[in-house]
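The values are calculated or read from the model by the stated rules, or taken from the named source; none is laboratory data. If you're wondering where the values come from, they're calculated on a predicted model, not measured in any experiment. Cβ placement follows ideal geometry from the backbone for every residue including glycine, while neighbour counts extend to all protein chains displayed.
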Amino acid sequence: MPAATQTRSPVSALKSKIRAYWSLIKSLQTGLLLMTGLAGYLSAHAAIQWQDFLQMIPSLFLAISGSTILNMWWDRDIDAKMKRTHMRPTPAGQVLSTEVLWLGLVVSVIGVGWALLVNLFYGAVVFAGLFFDVVVYSIWLKRRTCWSIVWGGVSGAMPILSGRVLAVGRIDPIGILLASAILFWIPTHTLTFSLKFFDDYKAAGVPTFPSTYGTEFTRLTIATSSIIAALAMSIASIWIGVAEGILALIIVLSAVLLFLAATVLFRPSDKTNLRLYKYASVYMLCTMLLIIPYRL
């Protein structure tokens, strides 16, 4: 075969590299977290400050993306041992680990620095989210204890809290409720994942609730966290003052979440675990979208 046909063109190589870099930010996860930040801002009764709001979007996106890239860099050895993740760009050799590290650092610094320039309090919450995610959750606790997911949940709650803080200028009860909804939603999302990929996590040596406490306790934790998440979201929606029709939809969505969590608890199977895992993301996205129209 001629050498020319074996070598990719520079354009093709560049496109491949860009796709690899893009996959490092886990765009669906990042997009969902960014949506919570927007919902947090728009949940406030204060008039929209468009200069702040339009700067919040890219600064929060970059901060979330940067923390995700840094996590992908730190977890590259774990990812290489897991069937689910061994083809990610870093363990698969599509990008160099040093490239991923520097990209994560640069994107994180730009995102957090931009956030601090927009508003110091908002920027501090954004930085807290990145710190809890990268340093506390990934570097310090993930390989030591299954309770690391609590701090992962705290970091996941920071985008919605940061949006609310930027809008009202303080941490208020509604912001705490919205953050709590995310905090307790995350176990519903991640623990079903740890049940499904039990062998993967075991092979990588990552402690999980199923490997530490067993599947029954894990399912009970999922059900409990689902109840708390649904209650927090419903109470926050009432406190925000959403229209009755929107509130009814949020309650219905919450009821479905609770039903699926109960199914996982009392009629466990791989199928029910997967259903709850998928619905948990749909639930959070829909509730965020239902809060937003009220402000617009």
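Please specify each residue of the range 149-166 satisfying the condition of being more than 18 Å from residue 231 (Cα to Cα) and free of Cβ contacts under 8 Å to residues at least 40 places away in the same chain.
150, 151, 152, 158
If we keep just the residues of the range 244-291 that are closer than 23 Å to residue 37 by Cβ and of a type in the set (S, T, N, Q), which is surrounded by the most Cβ atoms within 10 Å (Cβ to Cβ)?
Per the criteria, the residue is 287.
Condition check ((1) among the acidic types (Asp, Glu); (2) within 24 Å of residue 235 (Cβ to Cβ); (3) at pLDDT 95 or above) across all residues:
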residue: 119; (1), (2), (3): no, no, yes
residue: 177; (1), (2), (3): no, yes, yes
residue: 187; (1), (2), (3): no, yes, no
residue: 199; (1), (2), (3): yes, no, no
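Tell me which helices (runs of 4 or more DSSP H) are completely within the range 134-237 and hold 2 or more residues being out of contact with any strand residue (DSSP E or B) (no Cβ under 7 Å at 6 or more places or on another chain) and charged (D, E, K, R), or say none if there are none.
Details: elements: 148-168, 173-196, 198-204, 209-213.
Output list reads 198-204.
List the pairs whose first member sits in the range 167-186 and is in contact (Cβ under 8 Å) with a residue 40 or more places away in the chain, whose second member is of a type in the set (D, E, K, R) and buried (at least 24 other Cβ atoms within 10 Å of the Cβ), and whose Cβ atoms are under 7 Å apart, counting only residues at least 6 apart or on separate chains?
That search, which allows pairs on different chains as well, returns 174/164; 175/164; 178/164.
Tell me, which residue of the range 71-99 that is assigned to a loop (DSSP other than H, G, I, E, B) and of a type in the set (A, V, I, L, M, F, W, C) is farthest from residue 20 (Cα to Cα)?
Result: 82.
Just need a number here: residues in the range 101-117 that are of a type outside the set (Gly, Ala, Ser) and surrounded by 20 or more Cβ atoms within 10 Å (Cβ to Cβ).
From the range 101-117, those of a type outside the set (Gly, Ala, Ser) are 101-103, 105-107, 109-110, 112, 114, 116-117; that's our starting set.
Then drop every residue that is not surrounded by 20 or more Cβ atoms within 10 Å (Cβ to Cβ), which leaves 103, 107, 112.
Here the count works out to 3.
So residue 241 clears everything in (1) touching a residue at least 40 places away in the same chain (Cβ under 8 Å); (2) of a type outside the set (D, E, K, R); (3) crowded, with 22+ Cβ neighbours inside 10 Å except one condition, right? Which one?
With respect to (1) touching a residue at least 40 places away in the same chain (Cβ under 8 Å); (2) of a type outside the set (D, E, K, R); (3) crowded, with 22+ Cβ neighbours inside 10 Å, residue 241 is out only on (3).
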